[in-house]
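Single-structure report; data block below.
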Amino acid sequence: MQWSGRRESDNVEDQRGSGGGGGGGRIALGGGATVLVFLACWALGIDPRLLLNSGLVDHAQTQTRPADPAEEPLKHFVSVVLADTEDVWHAQFVKMGETYREPKLVLFRGSVSSACGMADSATGPFYCPGDQKVYIDLQFFQELRDRFHAPGDFAQAYVVAHEVGHHVQKLLGLSDKVHAQRTRLSEKESNQLSVRLELQADFLAGVWAYHAQQMKKILEPGDLDEALRAANAIGDDRLQKQARGVVVPDSFTHGTSVQRIRWFKKGFETGDVRLKDQLFSLPYSQL
Ligand SMILES: [Zn+2]
């Protein structure tokens, strides 16, 4: 992807160093012990932040990864991609008669406190509708390359664009509608709605890529394949097979690899944001 020397977004909040987060300071967690404490907290209905802030879970298990200078180019890259999403979505929202409000993108290291609660790197990049921010630990991109075998800058751009896709859904009221419905449904039906929403974010990422290419000619040979490889690698079926050796379709919440590729491609080939509604009008078996 062509990105060097292009505009970087002002909406990146770098919380990788000290500070940031909410309450009593931000902590980078080391090791599985803290994760277990977290799970125990959730099981017991305790807000883990209380424990963290109380100092009960503290320095013994806390290690802050030192700033990695190798991440700096990645930070610039992510800022350029975010700027590209701003340009594309401003234009698309104007077309829809709406106003686009730019999301913040928080870079964190280890763990982070969001309006959606505490999260650590194992969660992967995520969007929190509560504070309308995208959260990314840049280490994830290494994982994408090494563990998921999806290298390349456009694979990374796809990840950012997918999370921004969730922001677009939030602004258009699409995700709120789904969350309201989900509370009344069985787990299976609720998971299916979640898949629709995730595939729609993939579709919106594809729409972004189409328009970014139209506006700025950002693509280089092989870029599209990089994004598709990433979509393929993080399909629920692939991830489940890797994790437990079996695939349980009813538990999917993001869609299969084939579905993720299909919807990203559809967005990229049409650039037509109106087609997003198909994700909720088509029968589930035709997604
Ligand atoms: Zn998602």
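Values quoted throughout were computed directly from the atomic coordinates according to the rules given, and no laboratory measurement underlies them. No experiment lies behind these values; they were computed from the predicted model shown.
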**Prompt:** Reachable lysines from Lys75, Cα under 24 Å, same-chain residues fewer than 8 places away excluded?
**Reply:** Lys104, Lys133, Lys216, Lys217
**Asked** So how much slack lies between Arg6 and Gln139, counting 0.36 nm per residue of separation and subtracting their Cα-Cα distance, in nm?
**Response** 45.6 nm
**Complete:** For Lys177, counting only aspartates and glutamates whose alpha-carbon sits under 20 Å away and dropping same-chain residues fewer than eight positions off, the answer is Glu98, Asp131, Glu163, Glu187, Glu189, Glu198, Asp202, Asp277
**Prompt:** In terms of Cα to Cα distance under 15 Å, which aspartates and glutamates are near enough to Lys241, apart from those fewer than 8 places away along the same chain?
**Reply:** Asp250
